[in-house]
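This report concerns only the one structure given below.
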Amino acid sequence: MNKLSSSRSLSPWEVWTLQLDAAMSVMVEVEPRVRALKLEMKEFFILNNLDDHPEPTDLARALLIPKPSVTFMVKRLEKAGYLRRQLHPTDLRRFHLSLTPPGRRAMEQARDILDEAFGQRLARLGRSERAELIRLLQKMSIEP
């Protein structure tokens, strides 16, 4: 965990690093349990975003993952039976991806694992602190 001095004002980069450290510490903690579902963390994020981004190019863009990496992971997830790849109905050069029932179950199990681990971190905060954190994160998530 990054130990930054609280006796001075933090730069935007340092604040961003703090939130990234918090997220990464949860992912490091849960990674073995997610891997037990036969999923890498990046594959979990692919499955988790598939309903909103059913085309590989859109997934790559949304997750900031190079297209060749998405292609590799999609093939692996398809082989594992977690997703289905079909030709796009109007453009035969593109694919449409969808979760299979086992893929949805694995994704939901991984989400529950992350939910539990992050919930333990949130439990360190009081009710008003959690509400304030949520409000601030929502405010910061709005694009300018």
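In table form, for the structure just shown:
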read-out	value
Pick from segment 56-71, criterion buried (at least 16 other Cβ atoms within 10 Å of the Cβ) and in contact (Cβ under 8 Å) with a residue 24 or more places away in the chain, ranking: farthest from the chain's Cα centre (by Cα)	56
Qualifying residue in segment 97-106 (condition: of a type in the set (D, E, K, R), modelled with pLDDT of 95 or more and either out of contact with any Asp or Glu (no Cβ under 7 Å at 6 or more places or on another chain) or farther than 21 Å from residue 23 by Cβ (or both))	yes
Residue in segment 113-144 that is modelled with the lowest pLDDT, counting only those that are closer than 25 Å to residue 56 by Cα and not aliphatic (A, V, I, L, M)	143
Some residue of segment 52-63 being in contact with a Pro (Cβ under 7 Å, 6 or more places away or on another chain) and not hydrophobic (A, V, I, L, M, F, W, C)	no
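Okay, residues lined up against (1) crowded, with 16+ Cβ neighbours inside 10 Å; (2) at positive phi; (3) assigned to a helix (DSSP H, G or I); (4) among the aliphatic types (A, V, I, L, M):
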| residue | (1), (2), (3), (4) |
| --- | --- |
| 31 | no, no, yes, no |
| 47 | yes, no, yes, yes |
| 53 | yes, no, no, no |
| 73 | yes, no, yes, yes |
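The values are calculated or read from the model by the stated rules, or taken from the named source; none is laboratory data. Bear in mind the structure is a predicted one, so any value in this text is a computation, not a measurement. All Cβ positions, glycine included, derive from the backbone under ideal geometry; neighbour counts span all protein chains shown.
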